[in-house]
1. What percent do you get for the relative contact order of the range 185-313 when only Cα pairs under 8 Å and 6+ apart count?
2. What list of ³J(HN,Hα) values in whole Hz, one per residue of the range 166-175 in order, does the Karplus curve 6.51 cos²θ - 1.76 cosθ + 1.60 (θ = phi - 60°) give from phi, with Gly and Pro shown as x?
3. Quote to one decimal, in nm, the extra length available between Lys205 and Thr190 on full extension: 0.36 nm per residue of separation minus the C-alpha distance between them.
4. Show the residues, 5+ positions off or on another chain, whose built amide H is closer than 5 Å to the amide H of Leu86.
5. What are the ³J(HN,Hα) values, in whole Hz, obtained from phi via the Karplus relation 6.51 cos²θ - 1.76 cosθ + 1.60 with θ = phi - 60°, for each residue of the range 129-137 in sequence order, with x given for Gly and Pro?
6. Nearest 20 debye, what's the magnitude of the dipole of the chain about its Cα centre given +1 on Lys and Arg Cβ and -1 on Asp and Glu Cβ?
7. Can you give the relative contact order of the range 4-174 as a percent, counting alpha carbon pairs under 8 Å and 6+ residues apart?
8. How much length is gained on full extension from Glu287 to Ala15, taking 0.36 nm per residue of separation minus their Cα-Cα distance?
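Just so it is clear, none of the values below were taken in a lab; they were calculated from the coordinates. Remember, predicted model here, so these are calculated numbers, not experimental data. Cβ atoms come from the backbone with ideal geometry, glycine included; neighbour counts cover every protein chain shown.
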Amino acid sequence: MTSLAQWLVAQTDDAALASVVTSMAAAGAELATVLRVAPIAGQTGLAGHTNVQGEAQKALDVISNDVVLKHLQTNDAVSVLISEELDEAVHFENQGAFIVATDPLDGSSNLDVNVTVGTIFSVLKSAGGLLQKGRAQVAAGYVAYGPATSLVVRIAGAVSVFTLDDRGEWVQVVAEAKVPETSGEFAINTARERFWDAATLGYVKESVAGETGPARKRYNMRWVGSMVGDIHRILMRGGIFLYPLDSETTGKGGRLRLLYEANPMAWLIEGAGGLSTTGRQGILDVEPTGIHQRVPVILGSAEEVRRVEAWYAKG
Ligand code: P6P
C-alpha cells in the first residue's frame, strides 16, 4: 500500500509544497484522535459548556484551529494562515512560499450527534497574495472524520484518497478518484425551497419528477448538513451538491466561503472530472474580494452541473 509520503514524492519535486500537505495531514491525524473521544472528555461542538472537570470548555472549532495553527506555524514553508476561525490572516515570521486557507472544523454543529465533520484546506503561492482565484491553487484537500478518517488531496493532477490506519499512518486507498459523469443523487437543503431562485427550483423539480420528468431517471436526495460529508460521497460515487444563492443569502453573496470551502472543494471535484459553478460562473474563476467572502456553490457530476447551468442560462 502506498503511503502519503511515497505519493507526495511521486506527485511533486517541490519538497516545501509536499511539507505543507504533510503538515495538514498531521493536523488531521491529531484532530481525529481528539474528535474520537470528544464526548467522553465532555467536549461537544458548542462553546460555553464545561467539561467533566468543570473546566471552561473551548469549542472544538477553536481547538481544531489551534491544532492546525500549531502544525503550520512550525513549518517554514508556510507564510500565512487564513482560517474561518480567525477574523484576520495570521502572518508568520518566516517568508514561506505558501499560504494556507482552512476551515479547521467544517460542519462542527454535527459533532453533538456524531455525524461526519471535516478539515478543509487550500494551498496558494505566497507570491500571489491572499486573494487569488481558485484556479491558482497548487494543492487542496480535506480530512473527513467519519467511520474511517479519510484524507483527500490533489497536487499536480490526480485526486488521491488515503485512510488513517490504526498506527496513525495515511494509507492510499484510491489512487485516482473519478467523479462519475452522471448521477441520480442530489444534495440540497430542501427546507430552503421558498428562498430558491427559478433555476434551483427548476432543477430540483425536474429531479424530483424522476422517470416521469425530463431527466427521465430516478433521483434520490441526500443532505448531511456537513459539506465534507456530502462532497466525499459525491467524489466517491457521484452526485451534485447545491448551496445556491437564494433570497435569504443573496445579501451576503451566498452561504459557503470561497477561499477555504468552495475553492478547495471545486478544485478537488474538477480534478476528479466533475464540474463546479456559482450558477453564473465557474467557482475557480471568481475574483476574491475578501478572505471570508461567501459564494454560491454548485458542484459534482458533470452532467448534473450542466443541467443546472442550463437552467441558469434560461435567465
Ligand atoms: P444548512 C456547515 O455549517 C456548513 O457550513 C456546511 O458544512 C454544510 O454543507 C452547510 O453549512 C449546511 O447548511 O443550511 O443545511 O445548515
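1. Details: 213 pairs, mean separation 36.2, N = 129.
Reported relative contact order: 28 percent.
2. Running phi through 6.51 cos²θ - 1.76 cosθ + 1.60 with θ = phi - 60° gives 6, 9, x, 9, 8, 10, 5, 10, 9, 6 Hz.
3. Computed gain between Lys205 and Thr190 is 4.3 nm.
4. Amide H neighbours of Leu86, under 5 Å, 5+ apart: none.
5. Karplus values, whole Hz, x for Gly and Pro: x, 6, 9, 10, 4, x, 5, 7, 4.
6. Numbers: 26 positive and 35 negative charges, 197 e Å.
The dipole of the chain has a size of about 940 debye.
7. Relative contact order of the range 4-174: 16 percent.
8. Numbers: separation 272, 0.36 × 272 = 97.92 nm, distance 2.88 nm.
Fully extending the segment from Glu287 to Ala15 adds 95.0 nm.
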